[in-house]
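Presented below is the structure to which this report refers.
The numbers here are math on the coordinates, done by the rules we state, and not lab data. This structure is a prediction, so every number in the text was calculated from the model and none was measured. Heads up, the Cβs are rebuilt from the backbone with ideal geometry, glycines too, and the neighbour counts pull from every protein chain shown.
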Amino acid sequence: MSAPEVQFHTGMTDPEVFVCRMLRKACRQGVRVQVTAAEEVLALLDRLLWTFEERDFVPHVRVAAVAQALASRTPIWLTPAALGGDAPRVLLNLGAEAPRRPLELERIIEVVAADPDEARRGRERWRQYKQLGLVVVHMPEPGLGSA
C-alpha cells in the first residue's frame, strides 16, 4: 500500500457547509469517507447533511450510534476518531487530531477553519504528516460551484 496523499483546505469561513458539499460529491462518485471531528461538530454535520440542500440527502451514519452492519452499507461515516478495519479508507478531518495510523489510509483531507486556534492546530497536523514523510498539498479554496 502506498502512502496516502494529504490535502489541506485552509481558511474556511464555513467549513461544515464546505464539508457537506465535498461529501455530496464523494457520494455521487461512489467514494466512501470517514469524517472525524469533535462531537459537537459531528452533531452539526449530521443535521446539515439532511438539510444543507433542499433536494439533496447525503447518506451517512454516526458510527457510534449504529450497528456495524448498517455502517458497512453507508458511504459516509461520522466518527470522533479515525477507525481501522472495514472503515472507509478516505478520511476527512474537520478539526480532530491527526489519525494515529495515517499510513493505513488511501487519502487524508484536512479542512481547517479560519479561526486562529484552528489554524494553529492545522499547522501542527501539517508538521506531523511531513515528519512521517507524507506528501502534503495545500489546496486553493474552490468556488462554491466546484464541490
- Query: Among Val112, Leu83, Val58, whose Cα sits farthest toward the positive end of the charge dipole of the chain (+1 at Cβ of Lys/Arg, -1 at Cβ of Asp/Glu, about the Cα centre)?
  - Reply: Leu83
- Message: Roughly how far apart, in whole Å, are the Cα centres of the range 71-134 and the range 1-57?
- Response: 12
- Query: Taking the radius of gyration and the Kirkwood hydrodynamic radius from Cα positions alone, what is the Rg/Rh ratio for the chain, to two decimal places?
  - Reply: 0.93
- Item | Sites matching chymotrypsin sites (Phe, Trp or Tyr not before Pro) across the range 1-107 that sit in DSSP coil, with at most 12 neighbouring C-beta atoms within 10 Å | Phe57
- Message: Is there a quick way to get the dipole size of the range 5-139? I mean about its Cα centre, with the Cβ of Lys and Arg at +1 and of Asp and Glu at -1; what is the value in debye to the nearest 20?
- Response: 440
- Message: Run the simple label-point estimate for Thr74 and Gln29 please: 7 Å along Cα→C-beta, distance reported in nm.
- Response: 2.3
- What is the distance, in nm, between label points placed 7 Å from the Cα along the Cα-to-Cβ direction at Glu53 and at Thr13? 2.2
- Query: Considering only DSSP states other than H, G, I, E and B, which GluC sites (Glu not before Pro) in the range 104-142 qualify as loop sites with at most 15 other Cβ atoms within 10 Å?
  - Reply: Glu106
- Query: If you take the charge dipole of the range 5-139 about its Cα centre, with +1 on Lys and Arg Cβ and -1 on Asp and Glu Cβ, which of Met22, Val135, Gln68 is farthest toward its positive end?
  - Reply: Val135
- Query: Out of the range 1-98, which GluC sites (Glu not before Pro) are coil in DSSP terms and have no more than 13 other C-beta atoms within 10 Å?
  - Reply: Glu54
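Under 8 Å for C-alpha pairs, at least 6 residues apart: give me the relative contact order for the range 5-139, rounded to a whole percent.
37
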- How much length is gained on full extension from Glu39 to Val135, taking 0.36 nm per residue of separation minus their Cα-Cα distance? 31.7 nm
- Query: With each pseudo-label sitting 7 Å past Cα toward Cβ, what's the Glu106-Arg120 distance in nm, one decimal?
  - Reply: 3.7
